[in-house]
1. Quick one: length gained pulling residue 57 to residue 21 fully straight, 0.36 nm per residue minus the C-alpha distance?
2. Arrange the peptides 6-14, 43-51, 64-72 so that the one whose residues have, on average, the most other Cβ atoms within 10 Å appears first.
3. Can you compute the helix-only [θ] at 222 nm over the chain? Use -39500 (n - 2.57) per DSSP H run of at least 4 residues, normalise by all residues, nearest 500 deg cm²/dmol.
């Protein structure tokens, strides 16, 4: 599943596994439609997968919990 694109109607959605203790596998998503790409991190701490998700995206929506405080499984 990780890194495998799936077509959903007019969208191509690619999940990338990230780091978060959620009880289910956590994923960041890369969504492509009509030549545009939206990338979404979801809740995660830093992981190299975020580079693959965001690379070349038109918009990267990135969760950040605090600016100057570290919280496990979240970006700062």
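1. 10.3 nm
2. Numbers: 6-14: 11.6, 43-51: 15.8, 64-72: 9.1.
Put in order of decreasing packing, that is 43-51, 6-14, 64-72.
3. Per the formula, -2000 deg cm²/dmol.
Read-outs throughout are calculated quantities, based only on the coordinates presented, and are distinct from any laboratory measurement. Since the structure is predicted, the reported quantities are computational estimates derived from the model, not experimental observations. With ideal geometry, Cβ positions are generated from the backbone for all residues, glycine too; neighbour counts draw on all protein chains shown.
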